[in-house]
Amino acid sequence: MIYTIFAMSGKGKAMKKVFWLVFLLVVVGLLAACNVPPPPVAPTPTAGVIVAQVVATPSPAGEMMKAPEANPKRGGILKTAWGANPTHFDIHQGGGCAGCEMIYDGLLMWNLADGYRTTVPALAVSWSVSDDQLVYTFKLREGVKFHDGTPFTSEDVVATFTRIISPPDNVSIGGIREDLDMIASVTAPDSLTAVFTLKRATAYFLEIMAGDNKIVYSKKTLEENASDLRGVTVAPGTGPFKFVEFIPGEKVVLEANREYWNAELPYVDGIELLHVPAWVDRGTAVLTGQADFSFNVSQDTWAEGSTRDGIGVGRAACLNSHMVTINNTHPPLDDPRVRRAINLAVDRQAVIDAFTPVWEPAYITRWLPRATSYATPLEQIMQMPGYRADKSADIEEARRLLAEAGYPDGFETTFTAWTEASSSEVAVPAFAEQLRTSLNITGKINVVERPLTSEVLKNGDYDLFKADIYASPILDPYPLWNSYLRTGASQNWSRYSNPDFDALLDELVLEQDIDKRHAIVARGLDMLDENPPFFLIGFCAHSPMWNNWVKGLVLEDRLFSKFNRFETVWLDK
């Protein structure tokens, strides 16, 4: 259902107070923008994180995942609090839940012990790459078994990845297939060797292969179910935890795999993934000890936890964003000058300050997650047009651009928000109010149910929609930009088309030298500032909270937010 609101009305006294607070924040921000302090500077990721992925350095066979602390304790049941109510468990078809991936393993994985700054071997013990960067040879771990006792071999790798790159008609594989569209074939010269031949040299191939959803299924299970595992509860894996039960709307229960190939793991006896969809309830569960930790809680419970002894809190930079999708096919938004004017005039930090109390924090960035080494340093961003705190010169230039485009007096448009009050009564009104006061761009706010987001985007039934769909699977910029910004790309909901940027993507995907890739990306960032596809508010920050007996996860110092795997966890109690 789609609604239209012409005047904003609160849903209860609390939300009315929030709205007026937001209104005041926006007005004050516009009048005194030069006094708005920038958000704290994030630790700069070391270049080695990316370089290690690009050059595909073989990892030593003896290196395996383990807790970062010495002498971790064993035993106990870990309880988590987030949404855990999967519609099915076929991870490659979008099923499962945060934590379900630990039933399985990939060939390699991100290292929990150093906050995702390196990768470690998993089902592969080592790998090598040909001189032309087109052939990756993985040597597989010997003696691994699936939970049903079936031996793991290279045939399982072939069956798994062939299903992804060439799915049968009865299988619906989307995003992961796009992630791996560089793979031409997967072969098995022997039972413990898997060879991936690529269509093109891909600098980020190992980084994408370390993704939590790049898990390996059993060839036997795939054949028994005609490749479609959506009706299976749950396909056996090789991972550190086994499936026990799923109680819909309540929890998913896992138990330790005591025959796991990594004898160090797991430390806990089992995990209960409690289904707690509301952020405030997640925080309350941690504060009351009903749950041990949550990867993202409400800001009020997070603030309460930060004052308590025995509770830990952190911030983890996300790879997904807060953004306003702009329909590039609707006049006058089809004019790059109009889109640049919008990007110049709106104070991003004021919008972030408005929605953070009722939603989550976000970090100002230029078109990339701030965790990547390709991102522009924050101190440099805050001096740039469109991003700096003092908006006076930016608004003047934005008005000039609108006049040049034929709209000196502004224009009417429509804004689209989700029905959640944080979107429809806070974030979108804050954005719209800035456009009204700075550029006289006005319009009604359409409100849609969040499940209708894809339908609205596909149909193009919007002008300016805070849909928050710009999300990166990895730290390398290419997959993000290729999926969302290339002309005709599957996730290019803004209908953005920039031949010069398309040519830059063609150059970026083929370049292997890390310094040259950084130079190409820098040109791309400038290009997007000059001809923006949409309005990027910033990339979000998750707010994890935990009881201090939770160890092994480096929750206080993660390079980026990711919580699908946490097998190094142990309980200090």
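From helices alone, the chain scores -8000 deg cm²/dmol at 222 nm; the rule is -39500 (n - 2.57) for each run of n ≥ 4 DSSP H residues, then divide by the residue total.
Dividing the convex hull volume of the alpha carbon atoms of the stretch 393-451 by its residue count gives 84 Å³ per residue.
Given axes a ≥ b ≥ c from the Cα gyration tensor, I'd like to know whether the stretch 366-479 is rounded (a/c under 1.5), prolate (a/b larger than b/c) or oblate. All intermediate terms of the calculation are to be shown ahead of the outcome.
On the way: a/c = 1.87, a/b = 1.02, b/c = 1.83.
Oblate, because a/c is 1.5 or more while a/b does not exceed b/c.
Scaling against 2.2 N^0.38 Å puts the C-alpha radius of gyration of the stretch 134-181 at 1.37.
When N counts the residues of the stretch 506-573, how does its alpha-carbon radius of gyration compare numerically with 2.2 N^0.38 Å, as a ratio? All intermediate terms of the calculation are to be shown ahead of the outcome.
Numbers: Rg = 19.1 Å, N = 68, 2.2 N^0.38 = 10.9 Å.
Working it through for the stretch 506-573, the quotient is 1.74.
Computed from Cα positions, the angle between helix 392-404 and the longest principal axis of the chain comes to roughly 80 degrees.
In the chain, a dipole from Cβ-located charges (positive for Lys and Arg, negative for Asp and Glu) runs towards its positive end, and of ALA405, PRO332, GLY76 it is GLY76 whose Cα lies farthest in that direction. In terms of distances greater than 26 angstrom between alpha carbons, the cross-link table entries LYS220/LYS551; LYS466/LYS516; LYS199/LYS220; LYS199/LYS219; LYS139/LYS220; LYS66/LYS199 yield LYS220/LYS551; LYS466/LYS516; LYS199/LYS220; LYS66/LYS199. For the stretch 446-556, compute Rh as the Kirkwood radius over C-alpha pairs and then the Stokes-Einstein diffusion coefficient at 4 °C and 1.567 mPa s; write the answer in µm²/s, rounded to an integer. Value of D from the Cα-based Kirkwood radius: 78 µm²/s.
Sequence-distant contacts, meaning Cα pairs under 8 Å at least 6 residues apart, place the relative contact order of the chain at 23 percent.
Just the C-alpha atoms of the stretch 138-254: what Rg/Rh do they give, with Rh taken as the Kirkwood radius?
Answer for the stretch 138-254: 0.97.
For the stretch 423-503, what does the alpha-carbon gyration tensor say about shape, rounded, prolate or oblate, given a ≥ b ≥ c as the root eigenvalues, a/c under 1.5 as rounded, and a/b over b/c as prolate?
prolate
Assign one of three labels to the stretch 370-409, namely rounded, prolate or oblate, based on the Cα gyration tensor with a ≥ b ≥ c the square roots of its eigenvalues; rounded applies when a/c is under 1.5, prolate when it is not and a/b is larger than b/c, and oblate otherwise. It would help to have the intermediate numbers written out before the result.
Values: a/c = 5.05, a/b = 2.43, b/c = 2.08.
The shape class here is prolate.
Cα centroids of the stretch 532-573 and the stretch 308-333: how far apart, whole angstrom? Distance between centres, Cα-based: 15 Å. For the stretch 213-372, the Cα-based Rg and Dmax, in that order, read 22.1, 62 Å. Beta bridges from DSSP with both residues in the chain: antiparallel share about 75 percent, rounded to the nearest 5. The Stokes-Einstein estimate for the chain, based on a Kirkwood radius over Cα pairs and taken at 4 °C with 1.567 mPa s viscosity, is a diffusion coefficient of 52 µm²/s.
A straight Cα-to-Cα reach below 16 Å connects LYS242 with the lysines LYS79, LYS145, LYS251, residues fewer than 8 places away in its own chain not being considered.
Loop only by DSSP, 15 or fewer other Cβ within 10 Å of the Cβ. Give me the GluC sites (Glu not before Pro) in the stretch 216-319 that pass, ordered by residue number. Show your work: numbers first, answer last.
Details: sites: GLU223, GLU224, GLU245, GLU250, GLU255, GLU259, GLU264, GLU272, GLU304; in loops: GLU250, GLU259, GLU264.
The qualifying sites are GLU250, GLU259, GLU264.
Its residue count N sets the reference 2.2 N^0.38 Å, and the alpha-carbon radius of gyration of the stretch 297-400 equals 1.31 times that reference.
Compared with the dominant principal axis of the Cα atoms in the chain, helix 428-439 is inclined by about 40°.
Read-outs: derived from the displayed coordinates by stated rules, not from any lab. Keep in mind it's a predicted model, so treat the numbers as computed, not measured. Neighbour counts run over all protein chains shown; Cβ positions are idealised from the backbone, glycine included.
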